[in-house]
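Each remark here refers to the structure printed beneath this line.
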Amino acid sequence: MSKNFSDLLRGLKAVILILVVQAALGGVIVFYKLAVIYGMSVRVLVAYRFIFATACVIPLALILERKSKAKLTWKIVFQGFLSGLFGGALGPNLFIASLSLTSATFATAVSNLVPVATLILAVILRLERLGIRTLAGQAKLVGIFLSIGGAMIITFYKGEEINLWSTNINLAKHSGDHATGKHALLGNQVLGSLLALAACVSFAIWYIIQAKISENYPYIYSSTVLMCIAASVQATIYTIIAERNWSAWKLGWNIRLLSAVYTGAIGTALTVVLMTWCLRSRGPLFVSIFNPFTLVFVAIVGSLILNERLNIGSILGSVLIVIGVYVVLWGKAKEKKGSAQLALQEYPAESEAVDAVISSLQDTHQICDTNKESHPS
């Protein structure tokens, strides 16, 4: 019985940790929104985030990978530079700019398009075949159209508001006077949507670059240090050029300091550690399946403390995006099973993830059979 219980805990450990990761990332989005509401510069926040993340990840790399024979080459350094650019300096800036024009729930819903954008870019760059004549290829294509349709719905259609609960907490109540005209709101929604889509493309490019780095430099923490250092330098230089007001860098004991520390230490350093464990034990396919849970956490917290109202359009569009992402993932999983040799050449980690899931299901079945034999009714 104790062995079966330990096996159950081992199987639930990855699920619990990845849910913690999604909750932490949801907290990052909420702190992004709060920082913007309280007047903190978007550029400064991104720079501080990766400065704090670098300070937290460097000790992890020195401790956990001190015995690794990591050999840096100019190619890896350049890839780290690009990783910091698209995943650190550019992507978060575009995402926070979208947040400032829309809502935390809206921007998070659109961010679920990242796996779809990654697939589209991989097909364009010939890193992956769509295989339109196969069932897996057709599923991926259907998932892409469903996700794009969901993004268009939450952009151009609102519908009636839905008030699930009511609280007296509204941290956004003093955010200042904004244009409330119908045309102004529609303009903000469209521009915010374009910025969110641009952020998705930036993060999709980052995923592809990270996959290339992992092929030649399989040291998770050290490669994360490269990315964080590059992002810190790039974001700081960009902020110094664009942000002339030096008082914007002041933190103080307020929401600015809390946002910078949380997004850096928790939202980047801690999530990297937990996500790395999950990636190594269950693979990227398992991790990506839980991405839509971030939207759930943000929607709940946003409605509780930011007074963000859900509406029919956002719910319908979010559901379509989530369904589309899962259809794409299903097509990917089926493709990996059908063409194992191609998967090993292009995405060896995902193929191992599918095998791990299958083997874990088989182990679970065996455990259940053992329990039935040891405890007959």
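Structure notes:
- Residue match in region 74-81 (condition: surrounded by fewer than 20 Cβ atoms within 10 Å (Cβ to Cβ), within 17 Å of VAL46 (Cβ to Cβ), modelled with pLDDT of 90 or more and among the hydrophobic types (A, V, I, L, M, F, W, C)): yes
- Residue within region 210-221 that is at pLDDT 85 or above and in contact with a helix residue (DSSP H, G or I) (Cβ under 8 Å, 6 or more places away or on another chain) present: no
- The numbered conditions (1) of a type in the set (S, T, N, Q); (2) farther than 28 Å from SER193 by Cα; (3) touching a Cys at 6+ places or on another chain (Cβ under 8 Å); (4) at pLDDT below 85 are all true for SER111 except (2).
- Among the residues making up region 28-73, those that are outside any helix (DSSP H, G or I) and surrounded by fewer than 21 Cβ atoms within 10 Å (Cβ to Cβ) are TYR38, GLY39, SER41, GLU65, ARG66, LYS67, SER68, LYS69, ALA70, LYS71, LEU72, THR73.
- Condition check for LEU127 on (1) in a helix (DSSP H, G or I); (2) within 21 Å of GLY87 (Cα to Cα); (3) more than 13 Å from the chain's Cα centre (by Cα): one failure, at (1).
- Residue in region 241-256 that is assigned to a helix (DSSP H, G or I), over 14 Å from the mean Cα position of the chain (by Cα), modelled with pLDDT under 90 and surrounded by 19 or more Cβ atoms within 10 Å (Cβ to Cβ) present: yes
- Residues in region 133-161 that are out of contact with any strand residue (DSSP E or B) (no Cβ under 6 Å at 6 or more places or on another chain) and assigned to a loop (DSSP other than H, G, I, E, B): ARG133, THR134, TYR157, GLU160.
- Residue in region 94-102 that is buried (at least 24 other Cβ atoms within 10 Å of the Cβ), in contact with a Phe, Trp or Tyr (Cβ under 7 Å, 6 or more places away or on another chain) and not aliphatic (A, V, I, L, M) present: no
- Inter-residue pairs, beta-carbon under 6 Å, first hydroxyl-bearing (Ser, Thr, Tyr) and in region 246-272, second surrounded by fewer than 21 Cβ atoms within 10 Å (Cβ to Cβ) and assigned to a helix (DSSP H, G or I), 6+ apart: THR271/ALA24
- In summary, PRO218 fulfils each of the numbered conditions (1) under 28 Å from GLY80 (Cα atoms); (2) in a helix (DSSP H, G or I) with the single exception of condition (2).
- Scanning region 130-156 for residues that are surrounded by 15 or more Cβ atoms within 10 Å (Cβ to Cβ), closer than 27 Å to LEU194 by Cβ and over 21 Å from the mean Cα position of the chain (by Cα) turns up LEU130, LEU141, VAL142, ILE153.
The values are calculated or read from the model by the stated rules, or taken from the named source; none is laboratory data. Just so we're clear, the structure is a prediction, and the values are computed from it rather than from any experiment. Glycine also receives a Cβ, built like all others from the backbone with ideal geometry; neighbour counts cover every protein chain displayed.
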